[in-house]
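Below: the structure, in structure tokens.
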Amino acid sequence: MGGFVITGVPDRQTKFEGKITFYLVICAVIAATGGLMFGYDIGISGGVTSMDDFLLKFFPSVYNKKKHAKEDNYCKYDDHKLQLFTSSLYLAALVSCFFASAMCRRFGRKLTIQVSSIFFFIGVILNVQADGLHMLIAGRILLGIGVGFANQAVPLFLSEIAPFHIRGGLNILFQLNITIGILVANIVNYYASKIPLYGWKLSLGLAGVPALILCLGAFLITETPTSLIQHGRSADGLEVLKRIRGTHNVEAEFQEILQASEAASLVERPFMSIFHRSSFPQLVIGSLLQFFQQFTGINAIMFYAPVLFEAIGFKSNVSLLSAVTIGIVNLIGSVVSLLVVDKVGRKLLLLEGCLQMFLAMAAIGAVLVTNGQKNQALDSDSAMGVVIFAALFVTGFAWSWGPLAWLIPSEIFPLETRTAGYAVAVSSNMLFTFVIAQMYLSMLCHMRAGVFFFFSMWIAIMGIFVAVFLPETKNIPMDEMVSRVWKKHWYWKRYMDDGTRSLKMEALYDAYSY
Ligand code: BGC
């Protein structure tokens with residue numbers, strides 16, 4: 001595959017030479033399929049929980065409520081056990097990513113990726129075989145462990161193998177796979193819902209396919225040069241760097257990784273050092289981005305799209321079809337993001353996303369307030385309006401907060417706190433996903449259309465945060481973030497000289513500042 005030398009980037013950045021090699025692309029594409037497992041899971045839950053046979057077997061009380069003709073539209077799915085089905089996965093993931101972080105550090109990114117697929121696969125088997133709620137939830141927990149491991153290791157892997165000038169695009173392959181997973185799940189649900197008795201088994205069972213692809217594919221990928229060098233295998237790291245960059249001229253990049261791992265090795269207890277003052281900025285941004293990502297309300301739409309559309313009066317099959325439409329725009333949005341993120345930068349995309357999502361969410365709320373009756377379906381124009389605004393909302397999310405909440409935390413930490421800091425970010429994502437999954441159906445029941453205004457309010461707040469506090473990280477090599485981003489930021493620079501870094505370490509960082 002043809003490649004190009006990085007040009008047109010000013011000053012010393014040009015010293016990093018690299019092509020977009022075939023091997024780089026293969027490694028990235030395979031690792032990114034970790035996102036398929038996560039996405040498939042997000043997409044499958046909502047559809048399965050609106051299948052009658054599934055409800056009848058595991059949640060008979062919800063089934064009865066649903067069949068009750070005069071039931072309040074907004075409340076018919078408000079059931080804690082049903083919410084637990086969706087959210088147990090996230091609880092497991094939020095704990096497991098800390099183990100995954102330790103594994104990434106000790107055994108590398110590649111093995112962690114492979115282990116994730118094995119946990120996930122066992123979870124799928126339990127789900128398909130489940131003959132009671134306990135086994136179903138046990139399966140969800142194993143899926144969650146798989147997701148925690150994958151979400152920890154894959155974005156780090158992608159950011160570490162990427163040449164810095166296309167790091168954003170390469171990392172967004174992860175989100176692209178999430179969106180493909182969601183879309184495929186929605187399509188599977190649409191057809192599986194027509195299969196009597198066993199439709200839900202097919203839906204849950206097909207989750208094994210992405211796990212299998214990842215497990216086998218992982219034999220073909222490399223360990224990242226950073227991880228190899230950090231484990232004292234510098235010669236191997238250099239070889240891999242040459243191979244994925246498609247050139248022998250990798251000395252400058254190699255030296256920078258060497259220095260970063262020397263600095264990292266001076267830290268005795270990497271997990272504790274994320275609590276130092278100098279890690280505060282990255283930790284706050286990494287976690288807040290996750291909080292904000294979830295409080296956009298995206299999963300109110302993703303998990304529960306079929307349920308939501310049914311709640312406003314669509315028939316079950318039409319609801320799934322609308323969810324498929326949402327899945328398609330989600331995918332298109334992430335392709336756009338992948339193509340533009342390294343040109344327009346992270347901040348602009350996040351801000352545009354906020355504006356679009358704010359307007360769309362508020363519009364959904366307005367349609368429901370003016371037209372939604374407790375027990376009646378929306379008229380067809382209003383229902384179509386909700387689908388259109390939901391699609392606009394999802395597109396805005398898909399090119400901004402969706403991918404960037406994974407990308408930014410994977411690139412802002414220095415090597416010594418990278419896996420630990422990223423674990424905090426992943427676990428925050430899971431925590432807030434859990435909170436939304438657990439709360440949303442009750443919120444919809446009690447706040448009704450107000451729930452959409454609630455999310456718009458958060459979207460406005462996150463826009464202000466980004467405008468004021470988020471530094472731009474486009475086109476900056478990961479091992480130069482401290483010197484070129486944090487030490488120069490108008491607000492965060494005050495946290496950078498807390499004396500917790502040794503003089504030697506400071507010297508190593510400053511070697512790369514202008
Ligand atoms: C989020 C998920 C969300 C998905 C939608 C991901 O980035 O973490 O919670 O469901 O995007 O595409």
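The values are calculated or read from the model by the stated rules, or taken from the named source; none is laboratory data. All values reported here derive from a predicted model rather than from experimental measurement. Cβ placement follows ideal geometry from the backbone for every residue including glycine, while neighbour counts extend to all protein chains displayed. With ligands, DNA and RNA removed, areas are computed over all heavy atoms of the protein, side chains included. Shrake-Rupley method; radii C 1.70, N 1.55, O 1.52, S 1.80 Å.
Structural remarks
- In sequence order, segment 148-157 has phi-based couplings of x, 5, 5, 5, 6, 7, 5, x, 4, 4 Hz under the Karplus curve 6.51 cos²θ - 1.76 cosθ + 1.60, θ = phi - 60°, and Gly or Pro positions carry x.
- Normalising the average separation of contacting C-alpha pairs (under 8 angstrom, six or more residues apart) by the number of residues puts the relative contact order of the chain at 23 percent.
- Crossing angle, helix 415-447 versus the chain [Cα axis fit, 0-90 degrees, rounded to tens]: 10
- What the phi angles of segment 81-88 give under the Karplus curve with 6.51, -1.76 and 1.60, with θ = phi - 60°, is a coupling list of 5, 5, 5, 5, 4, 5, 8, 4 Hz, glycine and proline written as x.
- Kirkwood Rh in Å, taken over segment 179-280 so that all alpha-carbon pairs contribute: 17.8
- Full extension of the chain between H276 and E251 yields a length gain of 5.8 nm, computed as 0.36 nm times the residue separation minus the alpha carbon distance.
- Acute angle (nearest 10 degrees) that the helix 346-371 long axis makes with the longest principal axis of the chain, alpha-carbon atoms: 10
- Rounded percent of accessible protein surface that carbon and sulfur make up, the chain, 1.4 Å probe: 68
- The loop-placed chymotrypsin sites (Phe, Trp or Tyr not before Pro) in segment 134-210, going by DSSP, that have at most 15 neighbouring Cβ atoms within 10 Å of their Cβ come out as Y198.
- Nearest-ten-degree value, helix 234-245 long axis tilted from longest Cα axis of the chain: 60
- Violating pairs (Cα-Cα greater than 26 angstrom) within the set K81/K110; K347/K493; K19/K474; K242/K487: K81/K110; K242/K487
- Solvent-accessible surface (1.4 Å probe) assigned to K315 amounts to roughly 150 Å².
- Considering only L241, P225, A185, and ranking their Cα positions along the charge dipole of segment 165-307 that arises from unit charges at the beta-carbon of Lys, Arg, Asp and Glu, the one farthest toward the positive end is A185.
- Based on protein heavy atoms only, the chain ends up with 36 Å² per residue of surface accessible to a 1.4 Å probe.
- Label-point separation in nm, L111 to K194, each point 7 Å along Cα→Cβ: 4.8
- Computed magnitude of the charge dipole of the chain (debye, nearest 20; Cβ of K, R +1, Cβ of D, E -1): 320
- Were the residues from D52 through V25 laid out at 0.36 nm apart, the gain over their Cα-Cα distance would be 5.5 nm.
- When H165, H80 are compared by accessible surface with a 1.4 Å probe, the order from highest to lowest is H80, H165.
- Each residue of segment 56-62 is assigned a 3J(HN,Hα), and the resulting list reads 4, 6, 10, 9, x, 5, 5 Hz, derived from the Karplus form 6.51 cos²θ - 1.76 cosθ + 1.60 (θ = phi - 60°), x at Gly and Pro.
- Alpha-carbon Debye profile of the chain, log10 I(q)/I(0) at 0.09, 0.11 Å⁻¹: -0.61, -0.89
- Packing order of peptides 457-468, 325-336, highest average first: 325-336, 457-468 (average count of other Cβ atoms within 10 Å over each peptide's residues).
- Highest mean first, the peptides 224-235, 82-93, 410-421 sorted by other C-beta atoms within 10 Å per residue fall in the order 410-421, 82-93, 224-235.
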